[in-house]
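> For reference, the structure I am asking about is given below.
The values are calculated or read from the model by the stated rules, or taken from the named source; none is laboratory data. Every value quoted in this text rests on a predicted model; they were computed, and no experiment measured them. Don't worry about glycine lacking a Cβ; one is built from the backbone with ideal geometry, like all the others, and counts go over all protein chains shown.
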Amino acid sequence: MVGDQFSDLTVILPTLNEVGNLESLIEGLGRELPGCRVIVVDDNSSDGTPDLVRKIAASNGSVRLIARRVTPCLTDSIQAGIDAASTRFVAWMDADHSHPPAVLRKLYDVALVSGCCIGTRYADADESFASRLPKGEMLAAGLSAVLNFSVKYVLRLKITDYTSGFIVCRRDLLDNHQLTGDYGEYFIELMFYLTRRGVDLREIYYESPPRHSGESKTGASLLPLMRRGVKYLWLVGRLMLPGNSSSAH
């Protein structure tokens, strides 16, 4: 296998207190996608995540750290990674092992042809992914599923997972679009934007394993989850307004 086979791909890992996950994840990316570049965008972690990344980067030239000294924001972290990437393709994924590197390789293979491919927890699934998660994560997963199918019913795009956050995309397709929002709503708008651009969005089904280490950033109580859901639905309403193309901001 050619050592730099995936040198045209940058994988963005937004992190907040993921010290227990990163080393094994980066090793997995190196095995599955040899030659890929990794940008870890850390949002003021207090558990030593930045120090771990610096240690890894000292012996692995494909790994880079962007340490953001600001209020944590998933969307801004991903955008910072996109802006820093110089490869033909960019990808981003969760750093908690819920997005397997082996699946990322499949997404890349499809994106080489279509331009963009996302991982979906729903397509061709026999049951909701929520039923396979630990009890502590089932509330968030269940509400995510309800929200996702509601958005799907309204927007009717060619995808099934509107809150995926697991994607490989040609970098130039993102040049004129700035990610917006403070959490997962950015992904809904991005899918809407790419569809309006005529991008052939593809999906690959995968089973999302439970978090490997640390705590979920999604939230486990009902009120924060509902607040986040309201933001998602407000965005969908805005996208449906006449003349909205979700172009550059």
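> Within region 157-200, which residues are surrounded by fewer than 20 Cβ atoms within 10 Å (Cβ to Cβ), among the charged types (D, E, K, R) and in contact with a helix residue (DSSP H, G or I) (Cβ under 9 Å, 6 or more places away or on another chain)?
Within region 157-200, 158, 170, 171, 182, 197, 200 qualify.
> From 153, 186, 162, grab the single residue that is outside any helix (DSSP H, G or I) and aromatic (Phe, Trp, Tyr).
Answer to the check: 162.
> Identify the residue in region 62-85 that is in a loop (DSSP other than H, G, I, E, B) and more than 18 Å from the chain's Cα centre (by Cα) and, among all such residues, is surrounded by the most Cβ atoms within 10 Å (Cβ to Cβ).
62
> Separate question: Going through region 191-249 one residue at a time, which ones are among the charged types (D, E, K, R) and at pLDDT 85 or above?
Once the filter is applied, which keeps residues that are among the charged types (D, E, K, R) and at pLDDT 85 or above, region 191-249 yields 196, 197, 200, 202, 203, 207.
> Here is a further query. Would you please name the residue that is farthest from residue 230 (Cα to Cα), looking only at residues in region 143-179 that are under 14 Å from the mean Cα position of the chain (by Cα) and not aliphatic (A, V, I, L, M)?
Top of the filtered list is 169.
> Still on this structure, please answer the following. Does region 5-61 hold any residues that are assigned to a helix (DSSP H, G or I) and buried (at least 16 other Cβ atoms within 10 Å of the Cβ), and which are they?
Those that are assigned to a helix (DSSP H, G or I) and buried (at least 16 other Cβ atoms within 10 Å of the Cβ): 22, 25, 26, 29, 30, 32, 49, 50, 52, 53, 56, 57.
> May I ask you to list pairs of residues, at least six apart or on different chains, whose Cβ atoms are under 7 Å apart, with the first in region 98-109 being surrounded by fewer than 23 Cβ atoms within 10 Å (Cβ to Cβ) and the second being in a helix (DSSP H, G or I)?
If the second residue must be in a helix (DSSP H, G or I), the pairs left are 101/28; 101/29; 101/32; 102/32; 105/32.
> If you don't mind, there's one more thing I want to ask. Considering only region 100-119, I want to know if a residue exists there that is part of a helix (DSSP H, G or I) and of a type in the set (Asp, Glu).
For region 100-119, residues part of a helix (DSSP H, G or I) and of a type in the set (Asp, Glu): present.
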